[in-house]
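One structure is given here, and the rest of the page talks about it.
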Amino acid sequence: MSMAVIVDATFDTDLEAHAAWYGCQIARDTGDAYSPPASLLATTTEAFGSAVMRMETPAVVTAPGTNYTFRVRYREAVATMPAVAWRVRWIDAGNALIREDTIDMPRSAEWAEASGTLTAPETAARVEWRFTWSVSAAGPAFRIDNILVASVDAPAGARAYRWNGTAWVPLADPLRWDGMGWQPTAPVEVIA
Ligand SMILES: [Ca+2]
């Protein structure tokens with residue numbers, strides 16, 4: 001079993017293709033981070049209703065039909081963090097939505113992890129997501145950091161991708177977790 005990372009978003013230099021859609025503002029922020037120096041700070045701007053931020057440039061699904069691990073670190077930042085849903089959307093080659101999976105991010109006052117293992121549909125070409133939440137007043141804010149998406153049983157030769165500020169670019173080889181970060185080297189057997 002090998003592993004190929006397709007998203008490794010640290011928000012240390014930019015928003016890594018994430019954008020506010022409605023009901024919120026987002027920013028790269030150095031006030032706190034799971035991985036220094038920065039995280040993504042999402043602030044609710046509407047008094048009532050729902051808010052959504054999304055990843056605007058879908059990542060490439062390099063091994064359709066196989067299992068992917070999804071992980072995000074997050075925490076409350078201002079006022080009480082709302083319950084957030086990480087809605088993972090699998091897209092086919094024609095840009096049609098195939099399936100949506102949800103990973104729950106319950107309120108946490110400290111850095112927490114939300115994760116799940118999702119099976120990419122056989123016809124999935126790309127994957128994108130939305131973070132959605134609802135509030136009764138403007139102002140609540142939370143942070144996210146270190147979004148990781150990796151195929152945990154990618155076939156040999158599956159490519160790893162990384163956001164370079166403009167586009168998802170393929171890396172030469174799958175990445176290896178060395179305890180501190182993902183290093184481009186030989187495939188590994190176990191994901192941290
Ligand atoms: Ca970071």
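What nm distance separates the two modelled labels at residue 56 and residue 137, each placed 7 Å from Cα along Cα→Cβ?
Result for the modelled spin labels: 3.2 nm.
What GluC sites (Glu not before Pro) in the range 87-127 are in a loop by DSSP, with at most 16 other Cβ atoms within 10 Å of the Cβ?
110, 122
Just how many % of Cα pairs in the range 8-155 lie over 20 Å apart, if you round to the nearest whole percent?
46 percent
Pulled fully out, how much extra length does the chain show between residue 97 and residue 46, if you take 0.36 nm times their separation in residues and subtract their Cα-Cα distance?
15.6 nm
Are there chymotrypsin sites (Phe, Trp or Tyr not before Pro) in the range 1-110 that DSSP puts in a loop and that have at most 13 other Cβ atoms within 10 Å, and which ones?
Qualifying residues, ordered by number: 48.
Relative to the present Cα-Cα distance, how much length would full extension add between residue 112 and residue 21 at 0.36 nm per residue of separation?
Roughly 30.3 nm would be gained on extension.
Which net charge results when you count Lys and Arg as +1 and Asp and Glu as -1 among the other residues whose beta-carbon is under 14 Å from that of residue 110?
Net charge in that neighbourhood comes out at 0.
Go through 39, 9, 95 and say which Cα lies farthest out towards the positive end of the charge dipole of the range 8-155; charges sit on Cβ, +1 for Lys and Arg, -1 for Asp and Glu.
Of the options given, the answer is 95.
For the range 8-155, give the magnitude of the charge dipole about the Cα centre (Cβ charges: +1 Lys/Arg, -1 Asp/Glu; no others), in debye to the nearest 20.
Here the size comes out at about 240 debye.
Where a number appears in this text, it was derived from the coordinates with a stated rule and is not lab data. Keep in mind that what you see is a predicted model, and the values were worked out from it rather than measured. Using ideal geometry, Cβ is built from the backbone for each residue, glycine included, and neighbour counts are taken over all protein chains shown.
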